[in-house]
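Peer 1: Let me give you the structure first, and then I'll get to my questions.
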Amino acid sequence: MDELPQSLKESIETIFRKKITKWIKPDFGLSSTYRFSITFEDLNRVFVKAATDAETTQWLKTEYKILSSLNIDFIPKIIKWIETPSNYPILIMEDLSEAYWPANKNGVKWRKKHIPILIEKIKEISNINSIPALPHLKNKNYSVWESIAVNPENFLKLK
């Protein structure tokens, strides 16, 4: 998925009424969504995430709900949310690809000077109220642990 799909390119160019001159697929992200840092002919940039199937559609909708519900300084600003019945949704955000990203395909490498900032932001996140529009998380492993609690002998025999 390193190549920007033509239909996605055309959609973005139509929405912004300007040509895309460059796109880069970033070295992060674990889902099969399309992810691109896009540069337009006027050198403005945006970050685009587009769903590729029903599962990534739900993930992207959840991400959009979270980003659009929070007013905090350390998340990207939403530029445009595109959802039409005939296409998978597209989330267009502020491009932060020039920032330092500690996680990539080579693992996670925090810079020592960023650890206090990380701790501060985690504290901020812990004070955020839940977002009512989000679906409740389901612990997929709950039934496994429930069955172990009922009959722990087999689990305890594992070595």
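Peer 1: I'd like the carbon and sulfur percentage of the solvent accessible area for the chain, probe radius 1.4 Å, heavy atoms only, ligands and nucleic acids excluded.
Peer 2: Carbon with sulfur: 56 percent of the solvent-accessible area.
Peer 1: What accessible area, in Å² to the nearest ten, does a 1.4 Å probe give for Trp59?
Peer 2: Accessible area of Trp59: about 120 Å².
Peer 1: Here's something else I'd like to know. How do Arg111, Arg17 rank by accessible surface area computed with a 1.4 Å probe, from largest to smallest?
Peer 2: Largest to smallest exposure gives the sequence Arg17, Arg111.
Peer 1: Also, quick follow-up: Which residue, Leu60, Leu118, Leu134, tops the fluctuation ranking in a GNM of the chain built on C-alpha contacts under 10 Å?
Peer 2: Leu118
Peer 1: Something else: For a 18 Å ceiling on Cα separation, which of these pairs sit above it: Lys9/Lys105; Lys25/Lys113; Lys49/Lys80; Lys9/Lys61; Lys9/Lys49; Lys49/Lys123?
Peer 2: Lys9/Lys105; Lys25/Lys113; Lys9/Lys61; Lys49/Lys123
Peer 1: Let me ask something additional. Among Asn129, Ala149, Ser11, which residue has its Cα furthest toward the positive end of the charge dipole of the range 6-159, with +1 on Lys/Arg Cβ and -1 on Asp/Glu Cβ?
Peer 2: The residue sitting farthest along the positive end of the dipole is Ala149.
Peer 1: Rounded, prolate or oblate: pick one for the range 74-147, where a ≥ b ≥ c are the square roots of the eigenvalues of its C-alpha gyration tensor, a/c under 1.5 means rounded, and failing that, prolate if a/b is larger than b/c, else oblate.
Peer 2: oblate
Peer 1: Please check: in the Gaussian network model of the chain (C-alpha springs, under 10 Å), which one of Ser11, Ser86, Ser69 has the largest mean-square fluctuation.
Peer 2: Per the Cα network of the chain with a 10 Å cutoff, Ser86 tops the list.
Peer 1: For the chain, give the magnitude of the charge dipole about the Cα centre (Cβ charges: +1 Lys/Arg, -1 Asp/Glu; no others), in debye to the nearest 20.
Peer 2: That gives a dipole near 460 debye.
Peer 1: Ok, one more. If the elastic network links every pair of Cα atoms under 10 Å, which of Pro85, Pro102, Pro76 fluctuates the most in the Gaussian network model of the chain?
Peer 2: Pro85
Peer 1: Further question: May I have the extent of the alpha carbons of the range 6-148 along their three principal axes, as whole Å values ordered from largest to smallest?
Peer 2: Largest to smallest, the principal-axis extents are 55, 42, 31 Å.
Peer 1: Considering every pair of different Cα atoms, what Kirkwood radius, in Å, is found for the range 53-93? It would help to have the intermediate numbers written out before the result.
Peer 2: On the way: mean 1/r = 0.0924 Å⁻¹.
Radius from the Kirkwood sum: 10.8 Å.
Peer 1: Next up: Tell me, what is the per residue accessible area of the chain in Å², probe radius 1.4 Å?
Peer 2: Working: 11800 Å² over 159 residues.
Accessible surface, normalised per residue, equals 74 Å².
Peer 1: Restricting to Cα pairs below 8 Å that are 6+ residues apart, what does the relative contact order work out to for the chain? Please round to a whole percent.
Peer 2: Numbers: 160 pairs, mean separation 24.8, N = 159.
Answer for the chain is 16 percent.
Peer 1: Let me ask something else about it. With the Cα gyration tensor of the range 42-114 giving a ≥ b ≥ c as the square roots of its eigenvalues, does the rule (a/c under 1.5 for rounded; else a/b larger than b/c for prolate; else oblate) give rounded, prolate or oblate?
Peer 2: Taking the square roots of the gyration eigenvalues as a ≥ b ≥ c, the range 42-114 is prolate.
The values are calculated or read from the model by the stated rules, or taken from the named source; none is laboratory data. A quick note: this is a predicted structure, and the numbers were derived from the prediction, not measured. Neighbour counts are summed over all protein chains in view; Cβ atoms, including those assigned to glycine, are modelled from backbone coordinates with ideal geometry. Surface accessibility is based on the protein's heavy atoms, side chains included, excluding ligands, DNA and RNA. Shrake-Rupley method; radii C 1.70, N 1.55, O 1.52, S 1.80 Å.
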